[in-house]
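Structure record follows, encoded as structure tokens.
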Amino acid sequence: MDIKIPYGNDRLELSLDGLSVELLQSSIQDLQSDQTDDKLVLEAMAHPLGSVTLREMAVGKHTATIIISDHTRPVPSRHIIPFMLAELRAGSHDIDITLLVATGFHRGTKKEELISKLGEKIVQEERIIVHDCQDDSANIEIGILPSGAKLVVDRCAIETDILVSEGFIEPHFFAGFSGGRKSVLPGVCSRMTVLGNHCSKFIASPYARTGVLENNPIHKDMVAAARMAGLRYIVNVIINEHKEVVAAFAGDPIVAHEAGCTLLKDYCHVKPQRLGDIVISSNGGAPLDQNIYQSVKGLTAAESAAAPDAILIMCTRCNDGTGGDDFYHALRDCKSPAILLSEVSRVPMNETRPDQWEYQILARVLSKHRTIFVSDPKMQTTLEEMKLEYAETVQEALIRALKSIEKDAHVVIIPDGVSVIVEK
């Protein structure tokens, strides 16, 4: 059996002849439409769920803010934002619109990345603000979340007549699903609010897992943040492995998002017939495999499909480095992942550290599983410093893993770890 695994903008080939192999992948390819990306989005906007149309919403309004995705999200903004702009202006010809880039706790999105997402015309003609979670002057406190954390949001999202957003829905490794309310928290919230939402207690919750919304404390605060900030309308899409729109949902942020999650869940659930002694996963290629930080997402899918003491192999290019200095230093400087995990579990909400959630989850995985990264050769030293093994090719990683297992190994392959919800 030969398998191709997404890697950057390419695919890695893996030969598995003579092995016990199981393939886990979403059936999102079964969700097809004979309509174009644009038509699917326009149809959703013409029939919003739980809401009036965006055009009707804009009548009599003077200002609007559209929260847009940043460079780490494969949201097909070119097929969404032009229509949202047109609808707002159809309802209010002279409305003043701002595009607010939801960077959350990520680095700022660069101009060339905005052009790639939106097209040069929109970047040149529209007012665009890149959210900075650490700029106190740009953010304003508007209330207290159910968890007790302060809700501090970008002024541009609050000081507007209409707040709307774009996004895409996929399984998320601790928020349950991406999209919807996440455009506000963490998207355009302050450093303090993001840190509180991603505290160690919430991350450790058994409900803060892929595909879980009910009783998820992180999701609960995110929904509250969206409501308190006044998010009134969303356009969210589901995309296939080719980053093409296969379904679209527009309207009320809660109603439309839940409708998208309900549809997607049926296509994403997978269950291994046997837990893997070796599990191979990826982040679905670019742009989600651009750094180690983002790659933790696909790694958690491998974790969920792994037998005790299994070896995990993560195929992720990481051409943009670690994804966070605090994330890197936490793993590099710890005595062991298990000790780091124990230390993090004692950190209170108001003392949550930058990137803590990401290294908490990675430490959880590494405390249970030997993990090999197939990545850009320039990342070898960095990966090894972070207690991860490096392999130049996925075939090399598999051979190395097989040599370490004394029994006949069962290999589970998850070509796109961020697209599945693994049930044990």
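Look through 331, 362, 366 and report the one residue that is modelled with pLDDT of 95 or more, of a type outside the set (S, T, N, Q) and farther than 30 Å from residue 150 by Cα.
On the way: 331 fails: farther than 30 Å from residue 150 by Cα; 362 fails: farther than 30 Å from residue 150 by Cα.
Within the list 331, 362, 366, the selection yields 366.
Select, from 70, 37, 30, the only residue that is more than 30 Å from residue 318 (Cβ to Cβ), in contact (Cβ under 8 Å) with a residue 24 or more places away in the chain and of a type outside the set (A, V, I, L, M, F, W, C). Let's see the steps before the verdict.
Numbers: 70 fails: more than 30 Å from residue 318 (Cβ to Cβ); 37 fails: more than 30 Å from residue 318 (Cβ to Cβ).
None of the other options fit; the residue is 30.
Among 306, 401, which is the only one that is surrounded by 22 or more Cβ atoms within 10 Å (Cβ to Cβ), among the small types (Gly, Ala, Ser) and under 23 Å from the mean Cα position of the chain (by Cα)?
Residue meeting the stated conditions: 306.
Just to check your reading of the model, which residue among 225, 204 is small (Gly, Ala, Ser) and surrounded by fewer than 18 Cβ atoms within 10 Å (Cβ to Cβ)? Quick ask: steps written out before the conclusion?
Details: 225 fails: surrounded by fewer than 18 Cβ atoms within 10 Å (Cβ to Cβ).
The unique qualifying residue is 204.
Rundown of residues vs (1) at pLDDT below 95; (2) surrounded by fewer than 22 Cβ atoms within 10 Å (Cβ to Cβ); (3) within 13 Å of the chain's Cα centre (by Cα), yes/no style:
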position	(1), (2), (3)
257	no, no, no
261	no, no, no
266	yes, yes, no
273	no, yes, no
276	no, no, no
286	yes, yes, yes
289	yes, no, yes
295	no, no, yes
302	no, no, no
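Of everything in region 9-34, what is assigned to a loop (DSSP other than H, G, I, E, B) and out of contact with any strand residue (DSSP E or B) (no Cβ under 9 Å at 6 or more places or on another chain)? Give them in sequence order.
9, 18, 34
Which count do you get for residues in region 15-45 that are over 27 Å from residue 233 (Cβ atoms), surrounded by fewer than 16 Cβ atoms within 10 Å (Cβ to Cβ) and hydroxyl-bearing (Ser, Thr, Tyr)?
Final tally of qualifying residues: 3.
Filtering region 46-61 down to residues that are touching a strand residue (DSSP E or B) at 6+ places or on another chain (Cβ under 8 Å) and farther than 23 Å from residue 258 by Cβ, which residue is surrounded by the fewest Cβ atoms within 10 Å (Cβ to Cβ)?
Among those that are touching a strand residue (DSSP E or B) at 6+ places or on another chain (Cβ under 8 Å) and farther than 23 Å from residue 258 by Cβ, it is 61.
Would you check if there is a residue in region 173-181 being more than 18 Å from the chain's Cα centre (by Cα) and aliphatic (A, V, I, L, M)? Full working, then the answer.
In the first step, residues of region 173-181 are kept if they are more than 18 Å from the chain's Cα centre (by Cα); the result is none.
So far as region 173-181 goes, no, none of its residues is more than 18 Å from the chain's Cα centre (by Cα) and aliphatic (A, V, I, L, M).
Here is a check on your reading of the model: is residue 253 over 23 Å from residue 392 (Cα atoms) and assigned by TED's automatic domain parsing to the domain that holds residue 368? Break it down into steps so the answer makes sense when it comes.
Working: over 23 Å from residue 392 (Cα atoms): yes; assigned by TED's automatic domain parsing to the domain that holds residue 368: no.
No: the conditions fail for residue 253.
Looking only at region 2-11, decide whether some residue is exposed (fewer than 13 other Cβ atoms within 10 Å of the Cβ) and in contact with a Leu (Cβ under 9 Å, 6 or more places away or on another chain). Spell out the reasoning first.
Here is the first cut: in region 2-11, the ones exposed (fewer than 13 other Cβ atoms within 10 Å of the Cβ) are 2, 4, 9-10.
Cutting the leftovers down to in contact with a Leu (Cβ under 9 Å, 6 or more places away or on another chain) gives us 2, 4.
Taking every residue of region 2-11 in turn, at least one turns out to be exposed (fewer than 13 other Cβ atoms within 10 Å of the Cβ) and in contact with a Leu (Cβ under 9 Å, 6 or more places away or on another chain).
Given the conditions (1) under 16 Å from residue 182 (Cβ atoms); (2) touching a helix residue (DSSP H, G or I) at 6+ places or on another chain (Cβ under 6 Å); (3) not assigned by TED's automatic domain parsing to the domain that holds residue 172, report the number of the one that residue 231 does not fulfil.
Only one criterion is unmet by residue 231, namely (3).
What number of residues in region 367-382 are touching a strand residue (DSSP E or B) at 6+ places or on another chain (Cβ under 6 Å) and among the aliphatic types (A, V, I, L, M)? Break it down stepwise before answering.
Step one: filter region 367-382 for residues touching a strand residue (DSSP E or B) at 6+ places or on another chain (Cβ under 6 Å), giving 369-374, 380.
With among the aliphatic types (A, V, I, L, M) added as a condition, the list becomes 372, 374.
Residues that pass the stated criteria total 2.
The values are calculated or read from the model by the stated rules, or taken from the named source; none is laboratory data. Everything numeric here is computed off the predicted structure, so don't read it as measured data. All Cβ positions, even for glycine, are placed from backbone atoms using ideal geometry, and neighbour counts span all protein chains on display.
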